[in-house]
1. Anything in the stretch 13-23 that is modelled with pLDDT under 95 and open to solvent by 30 Å² or more (accessible area, probe 1.4 Å)? List them, or say none.
2. Going by the conditions given, is LEU161 in contact (Cβ under 8 Å) with a residue 12 or more places away in the chain, under 21 Å from LYS18 (Cβ atoms) and part of a helix (DSSP H, G or I)?
3. On the basis of being surrounded by fewer than 15 Cβ atoms within 10 Å (Cβ to Cβ) and on the phi < 0 side of the Ramachandran plot, does GLU111 make the cut?
4. Out of curiosity, is LEU134 open to solvent by less than 70 Å² (accessible area, probe 1.4 Å), part of a helix (DSSP H, G or I), without any contact (Cβ under 8 Å) to a residue 60 or more places away in the chain and under 26 Å from HIS77 (Cβ atoms)?
5. So which residues in the stretch 76-85 are assigned to a loop (DSSP other than H, G, I, E, B) and open to solvent by 40 Å² or more (accessible area, probe 1.4 Å), if there are any at all?
Amino acid sequence: MVPLRNIIGHFSTITRHKILVGKECFRVGLYRQGVLHDLSKYSCEEFSSGVRYYQGNRSPNAAEKEALGYSRAWLHHKGRNKHHFEYWIDFEPGRSGKLVGNPMPLRYVIEMFLDRVAASKIYRGKDYTDRSALDYYNILRGAGYMHRKTQHELEFLLNLLADRGEDYTYAFIRALLLREKVRRMDQRREALRSLAGRILRKAEVPVKAARQLKEQAENLAHILLG
């Protein structure tokens, strides 16, 4: 039977982490992602494994992998949360059968960064510094199939945090997201212009045809009636 302290401890850990990531997301303007972050951890599949392998000082997924050779909770989690680069791994187009990482949208790269920062704050506690997330990343650097562009963006943010601190990094992220928002608005505006142009061009066809028929009828009337 699972000890009650495991249930309370795991629920407390994932809830503190979720609340902390939510606060970090709100600080940079990712409100929807802040609310929805890691909700799958409360599902039966993930929560039961988390309780069974709860240790308090590290992720229970690591303990489950050591016990089973894989983590059922992690396999469930990474397929439902876009802020994990593993979500974006798929087979390469064609018949090579090779697994490759795909570039992540910027907003999910930022959520991944904030997720790592929050996890470091939870597990490092009073020993946390602005370098903690970068130090942990460097331990596992090169593992997995993270796309090179995504890797560059994540490493840039981790190094920026380590070198310039949290306030500066979060201000930079807000500016980055604002620029991305403006870019998307420009793309939508251009797409609407293009769509409107296609509609107008199609509408001109029957107008031109009607003009031609009218001119032909007038010419025929002129010939017959003199």
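The values are calculated or read from the model by the stated rules, or taken from the named source; none is laboratory data. Bear in mind the structure is a predicted one, so any value in this text is a computation, not a measurement. Every residue, glycine as well, gets a Cβ built from its backbone with ideal geometry; the counts of neighbours run over all protein chains shown. The protein model used for the area step is the full one, side chains on, heavy atoms only, and it has no ligands, DNA or RNA in it. Shrake-Rupley method; radii C 1.70, N 1.55, O 1.52, S 1.80 Å.
1. ARG16
2. Answer is yes for this residue.
3. no
4. yes
5. GLY79, ARG80, LYS82
Matching residues to (1) farther than 30 Å from ALA175 by Cβ; (2) part of a helix (DSSP H, G or I):
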| site | (1), (2) |
| --- | --- |
| PHE11 | yes, yes |
| ARG32 | no, yes |
| ASN61 | yes, yes |
| ALA67 | yes, yes |
| TYR87 | no, yes |
| PRO93 | yes, no |
| MET104 | no, no |
| MET112 | no, yes |
